[in-house]
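Asker: Have a look at this one.
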Amino acid sequence: MKRIVWKQLGDIRNKKILDFGSGIGVTANYLAEHNDVTAIEPDEDSIKIRWADHQYTQIVGSTEELREFDDETFDMIICHNVLEYAEDREDIVKEFARILKPNGKISIVKHNRAGRVMQMVVLLNDFEHAHSLLDGNDGMASKYGAIRYYEDADIEKWCPELAITKTLGMRTFLDMQQNQEIHKDVDWQDKMVEIEMRVSDMDGYKDIAFFHHLIIEKR
């Protein structure tokens, strides 16, 4: 999935970037090759095994660390698969708007409820969970706990200063292939990335993608 999101982000150079909820630092490390990157992650165990081929600043913490930055500090903010697990996500989004430079961009990757329902029915045969999701209930992740789903448009409701300028689908087909051996094949991976990129901005396909990638700017 990282290859897909990186392609969707495009070639980014000479920018001051914040990766909030950086995990083991895969994306922070990738972007740090050509950018000034600061990463924030609350889980110290993840930080111990973080990727660090390229130099970037790693901070242990969460929302409180955002408040330490001056207004309009960053050209880009990365927040991938984080807000579903944060109880103070509205505050986080408002802080993003405050510390984002004019003409800056925010990249948010989030679960897509319709895609999750597809996963429950097609891959896991978990019809009970699928019905629960359709009823508007939260999900559950084994590592991170409750998945508090939110709609794409909620970002703009939480912070009217922000506008979603593009919504892209991710992992529309990838997880449907249950042969784990073929996932290791480099040629197959290349073809999968190609087809995922082709449909990522096509209505219908992105509606059922497992994840949505939101590109956001200040109004």
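Bear in mind that the values in this text are calculations on the coordinates, not laboratory data. Bear in mind that the values here come from a model prediction, so they are computed numbers and not experimental data. Neighbour counts run over all protein chains shown; Cβ positions are idealised from the backbone, glycine included.
Asker: Between HIS131 and LYS157, how high is the FRET efficiency from 1/(1 + (r/R0)^6) when r is the Cβ-Cβ distance and R₀ = 41 Å? Nearest 0.05.
Answerer: Calculated value: 0.95.
Asker: I need the shape label for region 1-110. Rule: rounded when a/c is under 1.5, else prolate if a/b > b/c, else oblate, with a, b, c from the alpha carbon gyration tensor.
Answerer: Taking the square roots of the gyration eigenvalues as a ≥ b ≥ c, region 1-110 is rounded.
Asker: Would any residue of region 94-126 have its amide N under 15 Å from a label point 7 Å out along Cα→Cβ of HIS183? List them or say none.
Answerer: Within reach of a label on HIS183: 119-120, 123-124.
Asker: Give LYS101/LYS184; LYS15/LYS206; LYS48/LYS184; LYS105/LYS143 a once-over and call out the pairs whose C-alpha atoms are over 32 Å from each other.
Answerer: Cα-Cα > 32 Å for LYS101/LYS184; rest within.
Asker: Work out the FRET efficiency for ASP45 and PHE173 from their Cβ-Cβ distance, taking R0 = 35 Å, and round it to the nearest 0.05.
Answerer: Result of the calculation: an efficiency of 0.60.
Asker: OK, next. Sum -39500 (n - 2.57) across every DSSP H segment of at least 4 residues in the chain, then divide by the residue count to get the 222 nm mean residue ellipticity, nearest 500. If you can, show how the numbers build up before the last one.
Answerer: Working: 9 runs with 67 residues, N = 219.
Helices in the chain give a 222 nm mean residue ellipticity of -8000 deg cm²/dmol.
Asker: Starting from the Cα of LYS157, draw a straight line to each of the lysines and keep only those under 17 Å, dropping any in the same chain fewer than 8 residues away.
Answerer: LYS94, LYS110, LYS166, LYS218
Asker: How much of the DSSP beta bridge set in the chain is antiparallel, as a percent to the nearest 5?
Answerer: DSSP beta bridges in the chain are roughly 50 percent antiparallel.
Asker: Check which residues have an amide H placed less than 5 Å from TRP51's amide H, if you skip close sequence neighbours.
Answerer: Amide H neighbours of TRP51, under 5 Å, 5+ apart: GLY25, VAL26.
Asker: Can you list residues whose amide H is under 5 Å from GLU72's amide H, if they're 5+ apart or on another chain and H is modeled 1.01 Å from N?
Answerer: Result for GLU72 returns ILE99, LEU100.
Asker: For region 154-219 and region 7-59, what is the separation of their Cα centres, given in Å?
Answerer: A separation of 20 Å, based on Cα centres.
Asker: Let me ask you something else. What net charge do the residues around TYR85 carry, taking every other residue with its C-beta under 10 Å from that of TYR85, with Lys and Arg at +1 and Asp and Glu at -1?
Answerer: +1
Asker: Multiply the residue gap between THR165 and ASP91 by 0.36 nm, knock off their C-alpha separation, and tell me the result in nm, one decimal place.
Answerer: Here the answer is 24.5 nm.
Asker: Can you put ASP53, ASP91, ASP75 in order, fewest other beta carbons within 10 Å first?
Answerer: Numbers: ASP53 9, ASP91 15, ASP75 19.
Ranked by crowding around the Cβ, least crowded first: ASP53, ASP91, ASP75.
Asker: Rounding to the nearest 10 and keeping the result within 0 to 90°, find how far the Cα-based axis of helix 186-199 lies from the longest principal axis of the chain.
Answerer: With both axes taken from Cα atoms, the answer is about 80 degrees.
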